[in-house]
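*Asks:* Okay, handing you the structure first.
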Amino acid sequence: EVQLVESGGGLVQAGGSLRLSCAASGLTFDDYAIGWFRQAPGKEREGVSCISSSDGSTYYADSVKGRFTISSDNAKNTVYLQMNSLKPEDTAVYYCAVDPVGRYTLRPEKYEYWGQGTQVTVSS
């Protein structure tokens, strides 16, 4: 079965950086997408970024474009989210997820498998 484990969250001051990791196992699909999502207290879960396994294409939400970078290390079965210039509004639980169909989307409902999440807190 698919298993996703996020790590790298923590407390950082505004303007700082964090790198989140998503270690994946059980990915037996030819084409899939891995996305990063976040959910702040009292808010809906929102898409942050995604990457395609087929061609490495990436996509970012407008709120993070230019600050966040998604990447993958296929040899390690790991996807990363480098977060720079962090803002207090970036504070949330961050999740990675897999869409086994490989749809290129930031809509959470299109993703089937989810990790447990990692907390990111940005102080001002």
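The values are calculated or read from the model by the stated rules, or taken from the named source; none is laboratory data. For clarity, every value in this text was computed on a predicted model and none was experimentally measured. With ideal geometry, Cβ positions are generated from the backbone for all residues, glycine too; neighbour counts draw on all protein chains shown. These area figures cover heavy atoms from the full protein model, side chains too; ligands, DNA and RNA do not enter into them. Shrake-Rupley method; radii C 1.70, N 1.55, O 1.52, S 1.80 Å.
*Asks:* Is any residue of the range 1-40 close enough, with backbone N under 15 Å, to a label point placed 7 angstrom from the Cα of E46 along the Cα-Cβ axis, and if so, which?
*Replies:* Label zone hits: 36-40.
*Asks:* For the charge dipole of the chain, defined by +1 on Lys and Arg C-beta atoms and -1 on Asp and Glu C-beta atoms about the Cα centroid, which residue among G15, G66, G42 has the Cα displaced farthest towards the positive pole?
*Replies:* With unit charges placed on the Cβ atoms, the residue in question is G15.
*Asks:* Tell me which GluC sites (Glu not before Pro) from the range 1-79 have a DSSP coil assignment and no more than 14 other beta carbons within 10 Å of their own. Walk me through the intermediate numbers first.
*Replies:* Values: sites: E1, E6, E44, E46; in loops: E1, E44.
Taking the range 1-79 and a limit of 14 other Cβ atoms within 10 Å, the loop GluC sites (Glu not before Pro) found are E1, E44.
*Asks:* I would also like to ask the following. Could you work out the relative contact order of the range 31-88? I mean the mean sequence separation of Cα pairs under 8 Å and 6+ apart, divided by the number of residues, in percent.
*Replies:* On the way: 80 pairs, mean separation 13.8, N = 58.
After rounding, I find 24 percent.
*Asks:* May I ask you to give the solvent-accessible area per residue for the chain, in square angstrom, as obtained with a 1.4 angstrom probe? Could you put the intermediate results ahead of the total?
*Replies:* Working: 6470 Å² over 124 residues.
So the chain comes to 52 Å² accessible per residue, rounded to a whole number.
*Asks:* Okay, moving on. Run the accessible area of the chain with a 1.4 Å probe and give the carbon-and-sulfur part as a rounded percent. Please report the intermediate quantities before stating the final value.
*Replies:* Details: 2820 of 6470 Å².
Solvent-exposed carbon and sulfur of the chain make up 44 percent of the total.
*Asks:* For the range 19-83, what is the charge dipole size about the Cα centre, in debye to the nearest 20, if Lys and Arg each add +1 at the Cβ and Asp and Glu each add -1 at the Cβ? It would help to have the intermediate numbers written out before the result.
*Replies:* On the way: 7 positive and 7 negative charges, 78 e Å.
With Lys and Arg at +1 and Asp and Glu at -1, about 380 debye.
*Asks:* In terms of Cα to Cα distance under 19 Å, which lysines are near enough to K87, apart from those fewer than 8 places away along the same chain?
*Replies:* K43, K65
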